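One structure is given here, and the rest of the page talks about it.
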Amino acid sequence: MYKVVSHLSGHCTPLTGQINCSTSLARIHLGRGAVCQQSAFKYRPADLPEMPLCNFTPGEYTTKELQTLHNLLKLLVQDLTTRVKKGMSKEHIMEIRSKNINPMTSKITYYKKPVFIHQGHMQWLWDMDGRRYLDLFAGVATVAVGHCHPKVTAAVEKQLKKLWHTTNIYVNAPLHEYCEKLASHLPDPLKVIYLTNSGSEANDLAMLMARIHTGNYDIITFRGSYHGGSQQTMGLTSQSSYKYPIATSSGCTHTMCPDVFRGPWGGSHCRDSPVQTIRQCSCAQGQCMANEQYIGQLKETFAASVPSRVAGFFGEPIQGMGGAVQYPKNYFKEAYKLVREKGGVCIADEVQTGFGRTGTHFWGFQGYGILPDIVTMAKGIGNGFPMAAVVTTPEIAASFAKAYHFNTFGGNSVACAVGSAVLDAIREDGLQQNCHHVGTYLMTELAKLRDKHKIIGDVRGKGLQIGVEMVKDKTSREPLCPQAMMEIFEDVKDMGVLIGKGGLYGQTFRIQPPMCITTADVDFFLAVFDKAIHNYMDRQ
């Protein structure tokens with residue numbers, strides 16, 4: 001039994017028998033699986049389960065103007081005619097991409113055959129051909145509450161009809177309503193908010209704040225970290241792929257990342273995660289040899305690489321671009337103490353971990369039992385709308401008021417309406433709790449695949465901030481080569497799931513979906529991922 005859905009009416013009529021999915025029937029939606037399931041996949045193995053149900057009917061992307069619907073639709077909707085606006089062809093899009101768009105976009109396009117995204121709804125994306133994909137990357141951990149979330153969309157539409165922009169020179173309600181709401185989610189004394197437009201801008205501002213407040217200059221962060229692409233934040237960022245051969249911010253020092261899987265030290269109960277590493281240790285309860293060694297490396301950094309006084313320390317609670325790297329549970333507590341003894345402030349980069357994504361807490365730093373002096377945030381803050389923030393203490397804010405600081409778009413009325421609606425959706429939809437429940441289930445099941453496949457070296461993360469590190473073998477932990485990663489990556493996409501990649505060597509699959517995904521979605525992904533790895537191994 002299938003359901004044929006009129007693209008315009010959205011009503012379902014049951015039909016028996018089979019449907020021949022052809023190009024001319026692009027509007028025929030199967031009630032189960034991807035839109036026009038046969039065309040959704042490069043191939044669909046018989047042992048692969050169908051996609052979870054989706055009760056949303058996307059608009060069609062077409063390159064033609066149509067006078068009437070296909071004869072089959074005439075049987076369903078009598079005398080219905082429509083005119084579909086002509087869209088840009090794929091060839092035209094790629095021509096513009098090659099001629100007029102930042103050329104780096106072509107280099108970082110994830111797939112050999114690009115995915116031409118047309119529409120989104122919650123955890124689902126559709127391409128221009130009507131194929132449906134389960135989105136487990138969320139625009140790089142950005143679409144927090146779901147694509148085109150109805151509550152956020154409604155808030156945007158309402159604000160657009162009232163006021164787009166005025167700047168915070170003038171007193172306007174959306175700015176103040178949002179700041180009060182955001183501050184309520186942060187512990188004292190983190191209550192003073194600076195609104196910006198991107199994570200890079202937020203981290204740039206946090207660097208300036210730390211230096212002005214302390215009177216010191218040097219800032220420490222982890223190797224493998226990513227804190228932005230501006231000339232200043234490139235100094236903080238510690239991945240060669242994101243660096244240019246020019247002078248960036250001086251005074252940035254990278255200490256050893258306390259990676260308990262790939263690093264020199266690690267054990268079987270180091271990290272705050274439902275899944276631990278495959279490495280063994282003999283540490284007594286409450287002790288962690290790996291933590292002691294990595295803190296020793298930080299102390300060595302203080303002794304050898306920076307002045308006696310520092311401005312601050314940046315740390316992502318879980319590395320994002322670095323591949324969802326986690327640290328020993330008590331590392332931050334001891335690191336913060338050392339930094340403050342050296343006159344520095346502690347900065348939590350919550351650009352990817354904030355807003356409930358880690359599940360147990362609203363902010364990633366709360367899972368470590370620490371209190372930073374400055375918190376930066378972006379991505380999920382606006383569900384895809386360009387928005388970011390720096391939150392700090394009244395004391396630091398007062399010391400920063402030595403010169404005018406002004407951001408034209410920070411506090412934009414539409415941005416604040418979006419941010420406010422996102423906070424409401426997280427609470428009303430129970431998304432933090434969903435991250436904990438679904439994320440724990442996903443990691444536990446991924447750990448079973450790790451034990452099954454020799455090329456899965458590590459599964460880690462918390463909530464829906466997850467990394468799966470691929471290796472040539474578990475003994476050496478040598479990264480799986482880029483070609484192999486790409487083969488698996490493409491296969492997962494061809495079976496209807498979009499995931500990300502990261503890690504210093506591109507060896508980690510990143511799973512950071514909209515926080516509304518379900519266990520049914522997880523089961524579908526697990527089947528796809530398992531099949532993709534089997535396919536790769538069979539080709540070897």
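The values are calculated or read from the model by the stated rules, or taken from the named source; none is laboratory data. This one's a predicted model, so the numbers in the text were calculated from it and none came from an experiment. Note that we place each Cβ from the backbone using ideal geometry, even for glycine, and neighbour counts take in every protein chain shown. For accessibility, only protein heavy atoms count, side chains too; no ligands or nucleic acids. Shrake-Rupley method; radii C 1.70, N 1.55, O 1.52, S 1.80 Å.
Does Val438 meet the test of being at pLDDT 95 or above and closer than 25 Å to His149 by Cβ? The answer is yes for Val438. Only residues that are open to solvent by 10 Å² or more (accessible area, probe 1.4 Å) and either within 14 Å of Val339 (Cβ to Cβ) or not β-branched (Val, Ile, Thr) (or both) were counted in the range 210-223, giving 8. Among the residues that make up the range 345-355, is at least one of them at negative phi, open to solvent by 20 Å² or more (accessible area, probe 1.4 Å), free of Cβ contacts under 8 Å to residues at least 60 places away in the same chain and touching a Ser or Thr at 6+ places or on another chain (Cβ under 8 Å)? Taking every residue of the range 345-355 in turn, none turns out to be at negative phi, open to solvent by 20 Å² or more (accessible area, probe 1.4 Å), free of Cβ contacts under 8 Å to residues at least 60 places away in the same chain and touching a Ser or Thr at 6+ places or on another chain (Cβ under 8 Å). Right, Met537: under 21 Å from Thr142 (Cα atoms) and assigned to a helix (DSSP H, G or I) or not? Here the answer is no, as Met537 does not meet what is asked. Of the helices (runs of 4 or more DSSP H) lying entirely inside the range 102-209, those containing at least 3 residues that are at pLDDT 95 or above and open to solvent by less than 20 Å² (accessible area, probe 1.4 Å) span 173-183. Filtering the range 450-461 for residues that are assigned to a helix (DSSP H, G or I), open to solvent by less than 10 Å² (accessible area, probe 1.4 Å) and acidic (Asp, Glu) leaves an empty set.
Across the range 97-118, the number of residues qualifying as in contact with a strand residue (DSSP E or B) (Cβ under 9 Å, 6 or more places away or on another chain) and over 30 Å from Met443 (Cβ atoms) comes to 2. Apart from one condition, Glu300 fits all of (1) in contact with a helix residue (DSSP H, G or I) (Cβ under 9 Å, 6 or more places away or on another chain); (2) open to solvent by 50 Å² or more (accessible area, probe 1.4 Å); the exception is (1).
When the test is whether a residue is touching an Asp or Glu at 6+ places or on another chain (Cβ under 6 Å), assigned to a loop (DSSP other than H, G, I, E, B) and buried (at least 20 other Cβ atoms within 10 Å of the Cβ), Val306 passes it. Against the numbered list (1) charged (D, E, K, R); (2) under 28 Å from the mean Cα position of the chain (by Cα); (3) farther than 26 Å from Met470 by Cβ, Asp272 comes up short only at (3). Taken together, Ala290, Ala311 contain a single residue that is buried (at least 24 other Cβ atoms within 10 Å of the Cβ) and touching a Lys or Arg at 6+ places or on another chain (Cβ under 6 Å), which is Ala311.
Scanning the range 493-521 for residues that are surrounded by fewer than 22 Cβ atoms within 10 Å (Cβ to Cβ) and assigned to a helix (DSSP H, G or I) returns Lys493, Asp494, Thr519, Ala520. Taking first residues from the range 164-189 that are more than 17 Å from Val390 (Cα to Cα) and partners that are exposed (fewer than 15 other Cβ atoms within 10 Å of the Cβ) and among the aliphatic types (A, V, I, L, M), the Cβ contacts under 8 Å between residues at least 6 apart in sequence or on separate chains come to Asn172/Leu163; Pro174/Leu163. The set of residues in the range 422-431 that are more than 22 Å from Thr519 (Cα to Cα) and under 19 Å from the mean Cα position of the chain (by Cα) comprises Val422, Leu423. Scanning the range 392-443 for residues that are aromatic (Phe, Trp, Tyr) and either more than 21 Å from Val171 (Cα to Cα) or open to solvent by less than 20 Å² (accessible area, probe 1.4 Å) (or both) yields Phe400, Tyr441.
Against the list (1) aliphatic (A, V, I, L, M); (2) in contact with a Ser or Thr (Cβ under 6 Å, 6 or more places away or on another chain); (3) more than 25 Å from Ile381 (Cβ to Cβ), the condition Met256 fails is (2).
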